[in-house]
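Report on the structure given below.
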Amino acid sequence: MIENLTLLLVCQLIGEAVVRLAGLPVPGPVVGMALLFGLLAWRGGIPDGLGKTTAGLLDHLSLLFVPAGVGVILHFDLVAAEWPAIVGALILSTLATIAVTALVMRKLAKPEDRA
C-alpha cells in the first residue's frame, strides 16, 4: 500500500514540477494524473495493489470536502455578497458541460446508434 501511495504522490509531484518549470496554465495534479494514466496505459492495466489503494481513497473521498465546506462557512459574507455571480457561473458551466458532453457523445457514437 505504501508503494502505491508513493506512486500516486510521485506522479503528482512530477506534475507539479512540470507545471512550475514549463509555466503551464493547468493544475499540477492534472498533469500528474495524465502521467499516471500514460504509465498505466503503457503497462496495460491497473495493478491489483494500486486498484485496492485507490478504492480505499475513493471510499473516504467525502472527507476531502470538509475543508472546502469550512472555507465556505468561514467566508459566508463574501459568498452572500457575490451570490448572483456564483449562481450564474454554476448555471452556465452546467449548461456548457451538458452541451459539450452531448457533442462528444454524438461524435463518438457509432453511426447505427445515432438517431
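The values are calculated or read from the model by the stated rules, or taken from the named source; none is laboratory data. Just so it is clear, the structure is predicted and the values come from calculations on it, not from any experiment. Neighbour counts are summed over all protein chains in view; Cβ atoms, including those assigned to glycine, are modelled from backbone coordinates with ideal geometry. Keep in mind that these areas ignore ligands, DNA and RNA; they rest on the heavy atoms of the full protein, side chains included. Shrake-Rupley method; radii C 1.70, N 1.55, O 1.52, S 1.80 Å.
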Query raised in the report: Classify the stretch 61-115: rounded, prolate or oblate, from the alpha-carbon gyration tensor (a ≥ b ≥ c, eigenvalue square roots; a/c under 1.5 rounded; otherwise prolate if a/b is larger than b/c)?
Result: oblate
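Going by a ≥ b ≥ c, the root eigenvalues of the Cα gyration tensor, does the stretch 1-59 fall in the rounded group (a/c under 1.5), the prolate group (a/b larger than b/c) or the oblate group? Intermediate results must be reported in sequence, preceding the final value.
On the way: a/c = 2.44, a/b = 1.81, b/c = 1.35.
Prolate, because a/c is 1.5 or more and a/b exceeds b/c.
Per the 1.4 Å probe, what fraction of the accessible area of the stretch 1-59, in percent, lies on carbon and sulfur atoms?
Working: 3130 of 4320 Å².
That share works out to 72 percent.
With every protein chain present, what is the per residue accessible area of the chain (1.4 Å probe, Å²)? Don't skip to the answer; put the middle values down first.
Working: 9490 Å² over 115 residues.
Value returned for the chain: 83 Å² of accessible area per residue.
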Report task. Please give the length that would be gained between HIS60 and ALA80 if that part of the chain were fully extended, namely 0.36 nm times their separation in residues minus their C-alpha to C-alpha distance (nm, one decimal). Result -> 4.2 nm
Report task. Let me have the 222 nm mean residue ellipticity of the chain computed from DSSP H runs of 4+ only, each contributing -39500 (n - 2.57), with the sum over all residues rounded to the nearest 500. Result -> -25500 deg cm²/dmol
Query - Farthest positive-ward along the stretch 71-115 dipole, Cα basis, beta-carbon charges - from LEU108, VAL87, GLY71 - result: LEU108
Query raised in the report: Which far-off residues, 5 or more places away or on another chain, put their amide H under 5 Å from the one on LEU24, with H placed in the peptide plane?
Result: none
Report summary line: Counting Lys and Arg as +1 and Asp and Glu as -1 over every other residue whose Cβ sits under 12 Å from the Cβ of VAL10, the net charge comes to -2
Query - Alpha-carbon centroid distance for the pair the stretch 1-76 / the stretch 82-115, whole angstrom - result: 25
Query - Label-to-label distance, nm, for residues given as ILE73 and MET1 (7 Å Cα→Cβ offset) - result: 2.9
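Charges at C-beta only: +1 for Lys and Arg, -1 for Asp and Glu. How large is the resulting dipole of the chain about its Cα centre, in Debye rounded to 20? Before the final figure, lay out each step's value.
Numbers: 7 positive and 8 negative charges, 90 e Å.
It works out to roughly 440 debye.
By its C-alpha gyration tensor, with a ≥ b ≥ c as the square roots of the eigenvalues, how is the chain shaped: rounded for a/c under 1.5, else prolate for a/b larger than b/c, else oblate?
On the way: a/c = 1.80, a/b = 1.14, b/c = 1.57.
Taking the square roots of the gyration eigenvalues as a ≥ b ≥ c, the chain is oblate.
Counting only protein heavy atoms and using a 1.4 Å probe, what share of the accessible area of the stretch 71-115 belongs to carbon plus sulfur, as a whole percent? Walk me through the numbers on the way to the answer.
On the way: 3120 of 4180 Å².
Here carbon and sulfur together make up 75 percent of the probe-accessible area.
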